[in-house]
Amino acid sequence: MEFAGSHILSIQQFERADVERIFSVADQMEPYAQRQRVTKVLGGAILGNMFFEPSTRTRVSFGSAFNLLGGEVRETTGFESTAIAKGESLYDTARVLSGYSDVIVMRHPAEGSVAEFAAASRVPVLNGGDGSNEHPSQALLDLYTIKKELSEQRRGIDKLRIAMVGDLRYGRTVHSLCKLLCLYDDVQVRLVSPGELRMPGEIVEQMRNAGMLVKESDALEESIAHVDIVYSTRIQEERFNSQEEADLYRGRFRLNQSVYTANCEPNTVIMHPLPRDSRDNARELDDDLNDNPNLAIFRQTDNGVLVRMALFALTLDVVGQVAEHSREVNWYTAGRF
């Protein structure tokens, strides 16, 4: 893939070498994300951060990643604050805002909307999530996290054993991660969900055609035994027709410390794209796991900044210039990394 000037819209556009290139650049971003050095390689550049669905981690992570490379961020949140609320088309919005920005990140509730926007944009567009379709940067940071977690056990991504648990029908993070795992060898995936919230059939077929061993189940305990990763997801209540329908599934697959101890191998890594639902009737990933050293959810969020810095550096073609625009940090930084 030629990254410079390209849109990042779908996992489908990557080959394995492209993913490894992103991860290599992400590794190079670590001194800047960990506040050991400062770079101004994107000084003067502007990110248009356009989020038409609620977001905390993705929106702030993309913005922080751009700031850490020296660029500035302009944000739009919600439809009501834009001309789209007055009937403006995505085409017109893209033509206008791509004149104000050097790169745009967009999240939108409708499937295919980000690709439609990108087709009219004059600058690279990165998909921050389009409905229940895809979330490519989340899948990349998830796989980057898996790579780093398994490296502690002297393992690679090939021959990975992973259980994906929860709302697999509407969870765009698992859709993109499954597609990304198709690039690797001898991967085993257990898909754990209520029957009504199963992974879309076309994605299951794609995984099997790629040679992956895929098992579907509605039994949590037996499915999380003998895996390297348990990837939990919340019920995507915003995708359901009613709150009552979403409530039918909330709390069905609750992973807590006792369930983990009874069923998981000692080094099984726990992941979640966040936010986890902390309401009493949900808790798909209980907070009694917070002291479990295998809980990787906050290492995931840290890794998200690295991966998104890499995507900006690649699409704006500054990877080779980052170090020459850098200096040491001159303010106090706590030992948070």
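Values as computed for the structure displayed
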{"read-out": "Region 293-323 and region 74-102: distance between their alpha carbon centers, rounded to Å", "value": "26 Å"}
{"read-out": "Residue-span extension gain [Arg122 to Glu72] - 0.36 nm each, minus C-alpha spacing", "value": "16.2 nm"}
{"read-out": "Rg over Rh [alpha-carbon atoms, Kirkwood Rh] for the chain", "value": "0.96"}
{"read-out": "Surrounding net charge for Ser61, when Lys and Arg each add one and Asp and Glu each subtract one, Cβ distance under 10 Å", "value": "+2"}
{"read-out": "For the chain: lysine pairs under 17 Å (alpha-carbon distance), excluding those fewer than 8 apart on one chain", "value": "6"}
{"read-out": "Dimensions in Å of region 95-228 - Rg and Dmax from alpha carbons", "value": "16.8, 53"}
{"read-out": "Region 28-181 - percent relative contact order, Cα under 8 Å, separation 6 or more", "value": "19 percent"}
{"read-out": "Mean Cα-pair separation over length for region 270-333, i.e. relative contact order, pairs under 8 Å, 6 or more apart, %", "value": "26 percent"}
{"read-out": "Charge tally in the Cβ shell below 9 Å around Ala45, where Lys, Arg are +1 and Asp, Glu are -1, Ala45 excluded", "value": "-2"}
{"read-out": "Sites Ala334 and Thr261, calculated FRET efficiency, Cβ-Cβ separation with R0 30 Å, nearest 0.05", "value": "0.40"}
{"read-out": "Helix-only [θ]222 nm of the chain, DSSP H runs n ≥ 4, -39500 (n - 2.57) each, per residue, nearest 500", "value": "-10000 deg cm²/dmol"}
{"read-out": "The chain: antiparallel DSSP beta bridges as a percent of all, rounded to 5", "value": "10 percent"}
{"read-out": "Region 121-145 versus region 268-292: alpha-carbon centroid distance in Å", "value": "23 Å"}
{"read-out": "Region 178-238 and region 1-58: distance between their alpha carbon centers, rounded to Å", "value": "26 Å"}
{"read-out": "Top of Ile224, Ile203, Ile162 by mean-square fluctuation, Gaussian network on the chain, Cα under 10 Å", "value": "Ile203"}
{"read-out": "Residue among Val41, Val25, Leu143 farthest towards the positive dipole end of the chain, charges placed on Cβ", "value": "Val41"}
{"read-out": "Fully extended contour minus Cα-Cα distance, from Arg154 to Ser217, at 0.36 nm per residue", "value": "19.7 nm"}
{"read-out": "Arg16 versus Asp288: modelled label distance in nm, points set 7 Å from Cα along the beta carbon direction", "value": "4.1 nm"}
{"read-out": "Length-normalised contact order of the chain in % [C-alpha pairs under 8 Å, at least 6 apart]", "value": "21 percent"}
{"read-out": "Distance between modelled label sites at His325 and Phe79, nm, 7 Å Cα→Cβ extension", "value": "3.7 nm"}
{"read-out": "Using θ = phi - 60° and Karplus 6.51 cos²θ - 1.76 cosθ + 1.60, couplings along region 15-22 (whole Hz; Gly, Pro as x)", "value": "9, 4, 4, 5, 5, 5, 5, 4"}
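None of the figures in this text is laboratory data; all of them are computed from the coordinates on show. In this text the structure is predicted, and so the values were computed from the model without any measurement. Here the Cβ is made from the backbone with ideal geometry for all residues, glycine too, and neighbour counts use every protein chain on show.
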